[in-house]
Every structure is written in structure tokens, then in C-alpha cells.
Amino acid sequence: MSTSFDFDEPDHFTTGTVGEPGHRVFYLQAAQEGAVATLRLEKQQVVVLAEYLAGLLEPPEGEGESSGVALIEPVLAEWIVGSLAVAYEEADDRVLLVAEELVETPADDDTPDPDADAPATARFHLTRAQAVAFIRRTGELVAAGRPACPLCFQPIDPEGHACPKLN
């Protein structure tokens, strides 16, 4: 069974990558009072989360400061994120982010196993500043990735790109 986490006042919250563009692994990381939780997730999950938070919080436009929040080393994922949920706590002006572990079920069995362990969860109660820094950090990570082809919008590898639009 994987470890669950509940960070009610994290002093560190960020996203980051390990690896070269095209082969990067994305992580979500939080720390509170010396405890660190690092979760692995897909790039698209990070992007959609940042877009949702941007719509929810309406962060200030413009360049702004770089988040400057790097991953705490060593980067060792506790588990892989399957789903994300977000709630806004108006009274505290905080964002509650809940990540749930990806649990694979056998393809030939659609019925859940009642004896199986429940997926782990991670709960992060983020300040507005932490959420805005996450949005900006995600933008930096996406911009640092492979450039998109202007015709088909697929990533261009360093070795080149066989654009289907030129076929």
C-alpha cells in the first residue's frame, strides 16, 4: 500500500522535470516540516491543472517573477498520479488540491476487487501565492520543452520532424 499525504500548510510546493525535452518526467512536489512528497504525473496533467488554477484564481497578467522553486533532491516519486481534484476554500483564500494514486486493474476484470487496497491520496492546502507560482512554473517548463511545428503543432525533435501536413 502506498503512502498518503496531507499537507495543511506546505512550505514548499512546485512542479518540475527530470530528463531532456522529449524524454522528461514530470513531478509534483510538496514539503512541510521536513516531510517531502514527490508524485509523478503526465505533462498534460500539469498543464491542465495550471490552466484550471489560472481560470480559478485569475492571477495577474504579464511576465511576473519566475517561480524559482526547484524540486528538492533526490527526486523519488512515491507513486503515479491518476486523478486530480481542486476546490477553493474561500474562507481561507486557499486552494485544496487532491491527487489520487493511479491504480491499474487487470484488463480482463472490470469489477473492482473488494480486498484491494484503496489508492493513496495526497492533499495540499495551497496559498494563493503558491498556486500562482505553480502556474508560472508550469509555463516555464512548457516553454523549455520541444518547439511545436507551426503546421501540425506536433513537437519537433532535435533530429528533425516529419510533418504530416507536408505529405
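In this structure, the amide hydrogen of residue 12, modeled 1.01 Å from its nitrogen in the peptide plane, lies closer than 5 angstrom to those of 31, counting only residues at least 5 positions away or on a different chain. Per-residue ellipticity at 222 nm computed for the chain from its helices equals -6000 deg cm²/dmol, with DSSP H segments shorter than 4 residues left out and the rest contributing -39,500 (n - 2.57). Karplus-derived 3J(HN,Hα) values for region 120-130, using 6.51 cos²θ - 1.76 cosθ + 1.60 with θ = phi - 60°, are 6, 10, 10, 10, 10, 9, 9, 6, 4, 4, 5 Hz; glycine and proline are entered as x.
On the beta carbon distance between residue 33 and residue 146, with R0 = 45 Å, the FRET formula returns roughly 0.75. With R₀ fixed at 35 Å, the C-beta to C-beta distance from residue 128 to residue 163 puts the FRET efficiency at about 0.25.
Between residue 87 and residue 25, the FRET efficiency from the beta-carbon distance, with R0 = 22 Å, is close to 0.20. Given a cut-off of under 8 Å on Cα pairs at least six residues apart, what relative contact order in percent is computed for the chain? Worked out over the chain, it gives 27 percent. The phi-based Karplus calculation (6.51 cos²θ - 1.76 cosθ + 1.60; θ = phi - 60°) puts the 3J(HN,Hα) values of region 131-140 at 5, 5, 4, 4, 4, 5, 4, 4, x, 5 Hz, whole numbers, x for Gly and Pro.
Amide H contacts under 5 Å for residue 5: 121, 122, 123, restricted to partners 5 or more places along the chain or on a different chain, H placed in the peptide plane at 1.01 Å from N.
Looking at the square roots a ≥ b ≥ c of the eigenvalues of the Cα gyration tensor of the chain, which shape do they give, rounded for a/c under 1.5, prolate if a/b is larger than b/c, or oblate? Here the chain falls in the oblate category. Taking label positions 7 Å along the Cα-Cβ direction at both residue 77 and residue 8, the computed distance is 3.0 nm, reported to one decimal.
No value in this document is a laboratory result; all are computed from the given coordinates. Just so we're clear, the structure is a prediction, and the values are computed from it rather than from any experiment. Counting neighbours? That spans all protein chains shown, and the Cβs are built from the backbone with ideal geometry, glycine included.
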